[in-house]
Structure formats: C-alpha cells, structure tokens
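Student: The structure under discussion is supplied below as structure tokens; questions concerning it will follow.
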Amino acid sequence: MNLVIDIGNTRVKAALFKDNHLFELKIYESVSALLSDFNFIRQAKNAIIGSVVDELELFYSALSSILPTVVFNSQTKIPLINLYHSAATLGSDRLAASVGAYNLYPNSTILVIDAGTCIKYNFINSKNEYLGGAISPGIEMKFKALEHFTSKLPLIEFDKSYSELIGTNTKNSILSGVLNGTVAEIDGLISDYTSNFPDLICILTGGDSEFLAKRLKNSIFTHQNLVLKGLNDILNYNLEKN
C-alpha cells in the first residue's frame, strides 16, 4: 500500500493506493492533522509527498521516521522527459498531473487542465515530453481579487448554480464575469491548442473540474484525482528503479 500526499495551497489530500487503485482518500486542514492520523498512515509501506508550499521540513522528517518517504522534486525520476526551462520552479502538482495523464494515454498529445486555486495548463507531446503550458487565477482567487483590489465590490460566494450571461445586479455581474469568463478562457485555450495539435486529448482535473466540465463546449475527459494518481505513478516508478 502506498501513501500519497498532495499538499496544496488550501488543503492536504492523502490517499492510500493499492497497486494502481485508489483505496482510500482523506482531506485534512493541515499536515499536523494528517500526522495525528497514525492508523491511516501505518497502513502504508511507502509514501510520496508532493507540495506547492514551502517550509515543511519538519513534516517531511516526521513522516520519514514512520515509513520510507519520497519527497517529489525536480530531481525525482519520472517517466516523462521534462523540457521545462526552469524545472526547479515547476510545481509538483503540474508535473504529477502530467505523469498521471501520460500513464493513461501514453504516446499521445495531451493537455491537462488542473482547475483549483490556480488554473494550470500542462502540455505533453506524443514523444512523451513535458513542455509547459500556462497558469492563471482560479475561480475563488478571482472573486477574492475583485474584492481585495477595489473599494466597493463585495466578496461574492461561488454560486455553482449560476448560469446567466447578463448580470442584472452587482452580485450577478461578478458571477457572470468570473464564471463565464473562466469557461471562455478554458474553451479558448483548448481551441488554440487543438488548432495546432488536431489529435489533442484534453483532461480536466482539480476541485472545480466538475463545475467546469458541464459548461465547456470542447470535448474533454475528467479525472478528479489525477495529481494523486500521478504521484502514485511516480512513487511506483522510483520503487521499480531502485
């Protein structure tokens, strides 16, 4: 059993994988909450940590004292050729999602869209080379930015039922701008990629993937836990190499 940990900007996901199958998934508010769940951790024989935040050395050390742990970084072996020019600054979640997509569709041209705190676009070509992509603000970040950087606009709660084009008051205008604008952004980028790569496979993942998948015009596959799957694939790849 593998313990796979994805430390994001807003929450900590931890999953147990049996072979290549997700066996159990838990979400924690902090790494200390995860560490206190000793019975959950002890089910695993090996662990991998992917993180987009810094200063977690104490957590890494504590987990490593319980079971062998791989800390995923730019030096970790992966089954993709990483051609990103600044590999050391590449978020672990972006590369892990790409590895997960590669293992689902090897030797394919793939665009992975991870819609969470940020919206991250990751491109893999048919030579199994990771090239990069794009990063833009996620839905919740856009709502917060409108409130933070203006004096009169309020902080609006994400209303997943909103579907109107024309906002007839300030609240609905913000909802229309953020939600319709995000959908238009993703659809536009998919169309741009498809015009250059007609055989493109698009995979959508992340916390907002279910909401977005219902509204996108382009054909797209969804995989809610692609980052976790990719981290598990990376752990298995390194265990096999050792």
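The values are calculated or read from the model by the stated rules, or taken from the named source; none is laboratory data. Keep in mind that this is a model prediction, so the values were computed, not measured. When we count neighbours, we look across all protein chains shown, and the Cβ atoms used for this are built from the backbone with ideal geometry, even at glycine.
Student: Considering only region 146-159, I want to know if a residue exists there that is modelled with pLDDT of 95 or more, under 30 Å from S92 (Cα atoms) and either of a type in the set (G, A, S) or not assigned by TED's automatic domain parsing to the domain that holds L95 (or both).
Tutor: No, that holds for no residue.
Student: A follow-up question, please. It is to be established whether one or more residues within region 227-240 are among the hydrophobic types (A, V, I, L, M, F, W, C), farther than 16 Å from A115 by Cα, crowded, with 16+ Cβ neighbours inside 10 Å and out of contact with any helix residue (DSSP H, G or I) (no Cβ under 7 Å at 6 or more places or on another chain).
Tutor: Scanning region 227-240 turns up at least one residue that is among the hydrophobic types (A, V, I, L, M, F, W, C), farther than 16 Å from A115 by Cα, crowded, with 16+ Cβ neighbours inside 10 Å and out of contact with any helix residue (DSSP H, G or I) (no Cβ under 7 Å at 6 or more places or on another chain).
Student: In this structure, does S92 turn out to be outside the structural domain of Y121 (by TED's automatic domain parsing), surrounded by 12 or more Cβ atoms within 10 Å (Cβ to Cβ) and under 12 Å from I7 (Cα atoms)? Steps first, please.
Tutor: Numbers: outside the structural domain of Y121 (by TED's automatic domain parsing): no; surrounded by 12 or more Cβ atoms within 10 Å (Cβ to Cβ): yes; under 12 Å from I7 (Cα atoms): yes.
No; evaluated as a whole, the condition is false for this residue.
Student: Same structure, new question: Being in the same structural domain as I124 (by TED's automatic domain parsing), under 24 Å from T10 (Cβ atoms) and modelled with pLDDT of 95 or more narrows it down to one of T194, T205, so name that one.
Tutor: Testing whether each residue is in the same structural domain as I124 (by TED's automatic domain parsing), under 24 Å from T10 (Cβ atoms) and modelled with pLDDT of 95 or more leaves just T205.
Student: Give region 182-213 a look and list any residue that's charged (D, E, K, R) and either more than 16 Å from G116 (Cα to Cα) or in contact with a helix residue (DSSP H, G or I) (Cβ under 7 Å, 6 or more places away or on another chain) (or both), or say none.
Tutor: Narrowing region 182-213 to residues charged (D, E, K, R): 185, 187, 192, 199, 208, 210.
The answer is D187, D192, D199, D208.
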